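Take a look at the structure below.
Just so you know, all these numbers are worked out from the coordinates, no wet-lab data involved. These figures come from a predicted structure and were not determined experimentally. Note that we place each Cβ from the backbone using ideal geometry, even for glycine, and neighbour counts take in every protein chain shown.
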Amino acid sequence: MQFKKRTIAYIPIALTLVSCSGDNQESKSIEQIHAENGVPVRTEIIQKKPIRISLSYNAVLTGIRESDASAMVADRVETIHKSVGDFVEKDEIVISFPSDNPTAQYKQAQVAYDHARTTLQRMENLYNGGGISLQELENVRTETQVAEANWEAVRQSIKIKAPISGIITQMNVFESNNVQPGDILFKVSDTQRLKAHLWVSESAIQSVKIGDEALATWNHLELPGEIVQIDQALNTENQAFGLLVEFDNPELKVMSGVNAEIHLISQSEEASIWIERKNLVRLENGKAVYIADNGTARLTPVQTGGQINLDIEITHGIEPGDTLISSSQPMLVDGIKINIVK
């Protein structure tokens, strides 16, 4: 019985010793693998390339041209000749007010113009017969032109015309509604092309230029476009630069006033060296990268330029054709043996 107790007591001690010995052996094996075969790394060949930039914004799309028509008199809407969605030509009558409006003096202006035109015809006949002087005829012509202008102004206040050619995108009144001078009656938009106004930060404005591609996305629809205008002065209120983008809308599927996602797509004119920012190594006095050199990792100081998203430009330190180590940087030191894996 005593022999059995001693045997059981020694078993845990033996297991502990074996376990500790196994951990040390495993740790040494990893170090030996790195020493013999090198630290496994991935690499890429450095090359100059133009950088393609994509900047995203949200903005309202509106017609390339839009114009409101306003009431000129205080009165009730008599007739609405067009509906939202209808196409109208410039100067086509859209809304009519009663012609007996006392403020407009429609009848008086019409009578005055008809009288002036009749008088002009009579004076032209007299002038041709030598009955009046040229000066007298010119005076009558001037009076007729003034009467015609007054008549046209009154007509425009009663018969509201489309200010531009396009689609009626808003109708703010119904027949029999009472309106006041200045009230917006309807909006006409030319939506064959759409535009968006963006605010671009100081850091991003140098990455874009007039003519760069743009893409508007709304409700799974995509419209191609381009940058047509870039402000040359910072807007102090928004602390950004204004930028105008225009898009083709040939089938008029995208309506004016929708909020779309806008992507600006730009490509640098000159090729340069760009690497992912994760491949940079921070030093006390600068930045560096690891270059694969004859089976070892060579720590190489570099100078950086611009930054775009996760990419950073390298201006000095490495050249096209160098082999950049793009993984395992925390395990590397200058001169350590490496094993390039795919």
Cα-based equivalent ellipsoid, the chain: semi-axes from gyration tensor eigenvalues, Å: 84, 28, 14
Entries in Lys159/Lys187; Lys49/Lys337; Lys159/Lys253 that, when Cα-Cα distance is taken, lie over 25 Å: Lys49/Lys337; Lys159/Lys253
Extreme residue, positive dipole direction of segment 67-184, given options Ala69, Gln110, Tyr127 (C-beta unit charges): Tyr127
Nearest-20 debye value, segment 67-184 charge dipole, Cβ charges on Lys, Arg, Asp, Glu: 100
Proximal charge balance of Glu89 [Cβ under 12 Å; K/R count +1, D/E count -1]: -1
Amide H contacts of Arg65 (H built 1.01 Å from N, under 5 Å, at least 5 apart or other chain): Asp190
Relative contact order (%) - the chain, alpha-carbon pairs under 8 angstrom, separation at least six: 26
Label-to-label distance, nm, for residues given as Asp248 and Lys90 (7 Å Cα→Cβ offset): 2.5
Filtered GluC sites (Glu not before Pro), segment 225-327: DSSP coil and at most 16 other beta carbons within 10 Å: Glu237, Glu251, Glu269, Glu270, Glu284
Crossing angle, helix 106-128 versus the chain [Cα axis fit, 0-90 degrees, rounded to tens]: 60
Relative contact order computed over segment 67-184 (Cα-Cα under 8 Å; 6+ residues apart), in percent: 54
Dimensions in Å of segment 80-182 - Rg and Dmax from alpha carbons: 18.9, 58
Structure-based [θ]222 nm, the chain - -39500 (n - 2.57) summed over DSSP H runs of at least 4, per residue, nearest 500: -9000 deg cm²/dmol
Pairwise FRET efficiency - Arg65 versus Glu44, Cβ, R0 = 56 Å, nearest 0.05: 0.65
Rounded to 5, the percent of DSSP beta bridges in the chain classed as antiparallel: 95
For segment 273-282, Karplus couplings with θ = phi - 60° (6.51, -1.76, 1.60), whole Hz, Gly/Pro x: 8, 10, 10, 6, 4, 5, 7, 7, 10, 7
Cut-off 14 Å between beta-carbons: net charge of the residues surrounding Gln180, Lys and Arg +1, Asp and Glu -1: -1
Crossing angle, helix 134-158 versus the chain [Cα axis fit, 0-90 degrees, rounded to tens]: 50
Charge dipole of segment 27-68 about the Cα centre (unit charges at C-beta), most positive-ward option of Tyr57, Ile45, Ile33: Ile45
